[in-house]
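Where a number appears in this text, it was derived from the coordinates with a stated rule and is not lab data. Quick caveat: nothing in here was measured; it's all calculated off a predicted structure. With ideal geometry, Cβ positions are generated from the backbone for all residues, glycine too; neighbour counts draw on all protein chains shown.
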Amino acid sequence: MSERGNDFVVVANRLPVDLETRPDGSHTWTPSPGGLVTALSPVLESHQGCWVGWPGVADAAPEPFRTDAGVLLHPVKLTESDFEGFYEGFSNATLWPLYHDLIVTPTYDRDWWHAYREVNLRFADEVAEVAAEGATVWVQDYQLQLLPGILRQKRPDLTIGFFLHIPFPSADLFRQLPWREELVRGLLGADLIGFHLEANARNFLELARRQGLDVQGEASTREVTAHIRLPQGRTIGVGAFPISIAAKDFAAFTGEEKGDVAKLREELGSPQRIILGVDRLDYTKGILQRLTAFEELLDTGALDPEEVTLVQLATPSRERLDHYKATRSKVEEAVGRINGRFARVGHPVVHYQHRGVAKSLLRCYYRMADVMLVTPFKDGMNLVAKEYVACHDDGSGALVLSEFAGAADELSQAYLCNPFDIESVKAALLNALKALDDAPSTMTQRMLTMHQQVTEHDVQLWSQSFLGCLRQAEEQGAGA
Ligand code: GDG
């Protein structure tokens, strides 16, 4: 199979599938978790492009192959030591907490930084091999921030876009990073740098100004209204592109599926109200806070355990890292304690699962839930909130959403809360439950307004908007 000559290449830390070994030693591929894969798969399928990324297992170097949907997958090998230094270390114990406003303290480790640089160089070699002359390369996320700069040097013929899926912190926080200049230089190799929100783009532009760069224009809520002009004359577009979902995949429940939703409700004991949480098990997502809020409402009698049930689906994530282990154990302790205090045997008040579920089942959970609780301390966007809304084309349900999730900018009809303030989470949850009983038509209107927003601004619009601006940025940059 010819692997060279791809006109459109997406590069992300992970491939959209993970390599798994069956008990008999043979290999199989399963979809890999997380928001980035959810967002990018449809885009690549429509371009029949090439996806460069790690197959999810250390030391594995499978041959490139084409998916049924026509996407060429090009695996990049990471050793166990790369995985520890580049992925678990610098990406997830340095950058992740720093970019999420220090919810836990980042570790600054020189060896991790060296591993990060090494792996970015390796990704650049692989991309240079598969990209055609003049190809468009779209680099994804915080694990690959050096890649645009390395690629620019190696392959000046490429058009390079970069999109950050997590928040970008204020210049004051960012300057903690010992390798801040190198990181910014890496990003500035791109023709276009995209963020979810205007606030993220503003933070980056402020940082560029402080580094003495020539910044023209200001960030705005959508697309590119600001540019950075480098001393060598090249111009880089900076803009906001709020990511979304393939909304139509979540709407339109068939009669059979509605039956499945009703059955799921029965399996939970047909409670009057079902509250749902769906997250990767990550300390940024505020799972413990929401359990604590629920427990306090049961404790004071504001909620009746015979009437209300909370379902928490928590997908395993970054399980070897200490902060993740600690979060999991606190969450599981809270689930046990709440059930111990308020449930009857055979009738849990909190249903908890630490395993992923199939997308078809996830849709049913979303549709079934009367209230969706999304309470991150900080989140780039949060696709779960949008998926829930997309499943409620009938106007049912209510969304409780953290002010600190990027999605709050668009989903203003949600019950917004401050997850750092338990009273605020409790009030938002109670208000949502009460309004479902007392003001059903207002609730329907709120949900339908959000549904329209998500349907009209779907993931296809996101990618078209980014790629359209990338073409313009490249033309402007080349003309400079
Ligand atoms: C990062 C940023 C940004 C979850 N459990 C299951 C499952 N999921 C899917 C959801 C959703 C995705 O995973 C999670 O996306 P989020 O956006 O909520 O969160 P992150 O993984 O942290 O994503 C985030 C995103 O990138 C995109 O830019 O929004 O801010 O942190 O799609 O449905 N899917 C299935 N089973 C599960 O059990 N099938």
Percent antiparallel among DSSP beta bridges (both partners in the chain, rounded to 5)
30 percent
So if I place +1 on the C-beta of Lys and Arg and -1 on the C-beta of Asp and Glu, and nothing else carries charge, what would the dipole magnitude of the chain be about its Cα centre? I want it in debye, nearest 20.
440 debye
Put one equal scatterer on each alpha carbon of region 1-85, apply the Debye formula with no solvent term, and list log10 I(q)/I(0) at q = 0.21, 0.22 1/Å to two decimals.
-1.02, -1.10
Give the distance, in whole Å, between the Cα centre of region 131-151 and the Cα centre of region 56-76.
18 Å
Whole number please: convex hull volume per residue, Cα atoms of region 228-370, in Å³.
176 Å³
Only Lys, Arg, Asp and Glu count, each charged at its Cβ (+1, +1, -1, -1), so figure out the dipole size of region 402-480 about its Cα centre, rounded to 20 debye.
120 debye
How much length is gained on full extension from residue 306 to residue 330, taking 0.36 nm per residue of separation minus their Cα-Cα distance?
6.2 nm
I'd like the Karplus ³J(HN,Hα) series for region 237-245: coefficients 6.51, -1.76, 1.60, θ = phi - 60°, whole numbers in Hz, and an x wherever there's a Gly or Pro.
x, 10, x, 10, 9, x, 6, 9, 10
In region 116-205, what trypsin sites (Lys or Arg not before Pro) fall in a loop by DSSP, with at most 16 other Cβ atoms inside 10 Å?
175
Straight-line reach only, C-alpha to C-alpha below 26 angstrom: list the lysines that residue 378 could link to, leaving out same-chain residues fewer than 8 apart.
285, 325, 330, 359, 386, 426
Could you pull out every one of the aspartates and glutamates with an alpha carbon less than 18 Å from that of residue 263, ignoring same-chain neighbours closer than 8 positions?
307, 370
Find which of 64, 448, 13 sits farthest along the positive direction of the dipole of the chain, computed with +1 on the beta-carbon of Lys and Arg, -1 on that of Asp and Glu, about the Cα centre.
13
Return the Rg/Rh ratio of region 376-480 with Cα-based radii and a Kirkwood Rh.
1.13
Mean-position separation - Cα centroids, region 78-94 and region 356-402, in angstrom
31 Å
Can you tell me the dipole magnitude for region 67-212 around its Cα centre, using point charges on the Cβ only (Lys, Arg +1; Asp, Glu -1), in Debye to the nearest 20?
560 debye
Asserting the computed 222 nm helical MRE of the chain (DSSP H runs at least 4 long, -39500 (n - 2.57) per run, divided by residue count, to nearest 500) equals -12500 deg cm²/dmol
Farthest toward the dipole's positive end in region 247-456, which of 377, 298, 411, given Cβ charges of +1 (Lys, Arg) and -1 (Asp, Glu) about the Cα centre?
377
